[in-house]
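Have a look at the structure below before the remarks.
The values are calculated or read from the model by the stated rules, or taken from the named source; none is laboratory data. Note that this is a predicted model, so its numbers are computed, not measured. Cβ placement follows ideal geometry from the backbone for every residue including glycine, while neighbour counts extend to all protein chains displayed. Surface accessibility is based on the protein's heavy atoms, side chains included, excluding ligands, DNA and RNA. Shrake-Rupley method; radii C 1.70, N 1.55, O 1.52, S 1.80 Å.
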Amino acid sequence: MNFICFNGTFLDSTEPLFNAQNRSFRYGDGLFETMKIVQGKIFFEQFHYERLFLSFKMLQIENILDTETLSQMILDLCRRNHCDDCSRVRVAFFRNQQNTVEFVIEAYPLPQQANQWNEKGLTIDLYPYSRKNPDAFSNLKTANFLPYVLAELFAKERGLDDAVVLNTFNCLADSTKANIFLVMNKQIFTPALNQGCIAGIMRRFLLEEFKKNNYRVHQTEISEEQLFIADEVFLTNSIFDIRWVQKFRDKMYSQGEVFSLYQQIISPLY
């Protein structure tokens with residue numbers, strides 16, 4: 001049996017949870033966090049909660065949760081599902097009729113490849129049918145995820161590993177499941193938060209580490225053309241850390257700088 005946690009109660013994952021009035025179902029009125037657990041520890045726990053509580057504040061959802069209790073429920077669920085060694089946790093939060101937060105926690109085992117360098121580089125393309133508006137809410141992981149859902153379908157239909165979503169200025173925002181970084185002339189470039197990308201946890205961690213290690217980093221707008229002249233490209237998220245991109249259309253990327261970053265910053269985490 002696989003369990004979920006609904007508002008603090010552990011249930012069989014096949015149990016029905018919501019009625020038709022659920023606001024997340026009706027309006028996409030909610031948000032979520034995706035966390036990685038390794039050896040019974042929540043990676044970047046503080047970063048996740050800082051982003052979560054900022055999201056509650058911006059979405060005007062009354063928060064009745066504290067971090068200690070939530071962490072205990074997350075780790076308890078991982079133990080019940082026998083995946084506290086290495087797991088992917090998704091916590092979905094939504095507004096109820098009283099404007100307070102309710103939540104569902106899911107936990108599933110992750111393969112060991114999630115903690116390893118991807119020898120086979122990813123193949124990506126741009127999603128052409130939607131543009132993300134860089135507004136006050138664009139950095140949040142809200143339940144309004146339709147452009148990313150459709151971009152992921154676009155990628156799967158074409159045998160791609162991921163697709164990049166553009167903003168309303170036709171510049172890069174992020175991919176369906178990750179932030180994007182480019183390496184050009186030994187310098188690192190990534191879309192700034194004002195470009196509409198999700199404020200990713202791994203993105204934040206890497207930017208802090210790059211600064212500590214004196215890398216030249218630019219948070220800026222990035223055009224499609226720059227994907228063709230970049231030396232290397234990589235994607236980042238909380239589950240797979242850094243993933244090297246090998247190909248964008250006919251453009252092939254090397255991996256030397258990205259692999260060096262992985263060895264220097266990510267490998268010591270494990």
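For Lys212, the lysines whose Cα falls under 21 Å of its own Cα, not counting residues fewer than eight places away in the same chain, are Lys186.
Shown is the FRET efficiency for Gln72 and Ala192, computed with R0 = 35 Å from the Cβ-Cβ distance and rounded to the nearest 0.05: 0.45. Look at the Cα gyration tensor of region 28-154: its axes a ≥ b ≥ c give a/c of at least 1.5 with a/b at or below b/c, and that counts as oblate. Express in % the proportion of alpha carbon pairs of region 92-199 at distances exceeding 25 Å. In whole percent, the long-distance tail amounts to 34.
Evaluated over the Cα positions of region 118-270, the convex hull gives a direction-averaged projected area, one quarter of its surface, of 8.6 nm².
Here, region 184-244 is characterised by an Rg to Rh ratio of 0.93, where Rg is the alpha-carbon radius of gyration and Rh the Kirkwood radius.
Distance between the 7 Å Cα→Cβ label points at Tyr108 and Arg158: 2.5 nm.
Per residue, how much accessible surface does region 166-270 expose to a 1.4 Å probe? Answer in Å², no decimals.
On the way: 4530 Å² over 105 residues.
With all protein chains present, region 166-270 gives 43 Å² per residue.
Take every pair of alpha-carbon atoms less than 8 Å apart whose residues are at least six positions apart; their mean separation over the length of region 1-148 yields a relative contact order of 31 percent. Residues whose amide H falls under 5 Å from that of Met184, counting only those 5 or more places apart or on a different chain, are Phe189, Asp231, with hydrogens built in the peptide plane. Taking every C-alpha pair closer than 8 Å and separated by at least 6 residues, the mean separation divided by the residue count of region 1-82 gives a relative contact order of 33 percent. Match the structure shown to one of the listed values (1) 19.9, 76; (2) 18.7, 54; (3) 18.3, 63 of Rg and Dmax of the Cα atoms in Å, computed from it, and give that label. For Rg and Dmax of the Cα atoms in Å, the calculated option is (2). Checking the cross-link filter: which lysines have an alpha carbon closer than 16 Å to that of Lys247, excluding same-chain neighbours under 8 positions apart? Within the straight-line limit of under 16 Å, Lys247 reaches these lysines: Lys120, Lys156.
Here region 162-203 is treated as an ellipsoid with the same Cα gyration tensor; its semi-axes, largest first and in whole Å, are 16, 12, 10. Kirkwood radius and radius of gyration were both taken over the C-alpha atoms of region 1-99, and their ratio Rg/Rh is 0.96.
Distance distribution P(r), region 227-267, all Cα-Cα pairs, bin width 5 angstrom from 0: 6, 25, 30, 21, 13, 5, 0 percent.
Once both labels are positioned 7 Å from their Cα atoms along Cα-to-Cβ, the gap between Leu150 and Leu11 label points is 3.2 nm.
Note down the relative contact order for the chain as a percent, whole number, built from C-alpha pairs under 8 angstrom at least six residues apart.
Working: 511 pairs, mean separation 46.2, N = 270.
Result for the chain is 17 percent.
Quick one: work out the % antiparallel among DSSP beta bridges in the chain, nearest 5. Within the chain, antiparallel bridges account for around 75 percent of the total. Computed from the C-beta positions of Lys251 and Gln46 and an R0 of 35 Å, the FRET efficiency is 0.40 to the nearest 0.05. With helices as the sole contributors, the chain gives -7500 deg cm²/dmol at 222 nm; each DSSP H run of n ≥ 4 counts as -39500 (n - 2.57), and the sum is divided by every residue. Across region 263-270, coupling constants 3J(HN,Hα) worked out from phi with the 6.51/-1.76/1.60 Karplus curve, θ = phi - 60°, read 5, 6, 10, 8, 3, x, 5, 10 Hz, and Gly and Pro carry x.
What are the lysines whose alpha-carbon lies under 16 Å from the alpha-carbon of Lys57, with same-chain residues fewer than 8 places away excluded? Qualifying lysines at Cα under 16 Å: Lys141. Quotient of the Cα radius of gyration of region 75-119 and 2.2 N^0.38 Å, N being its number of residues: 1.55.
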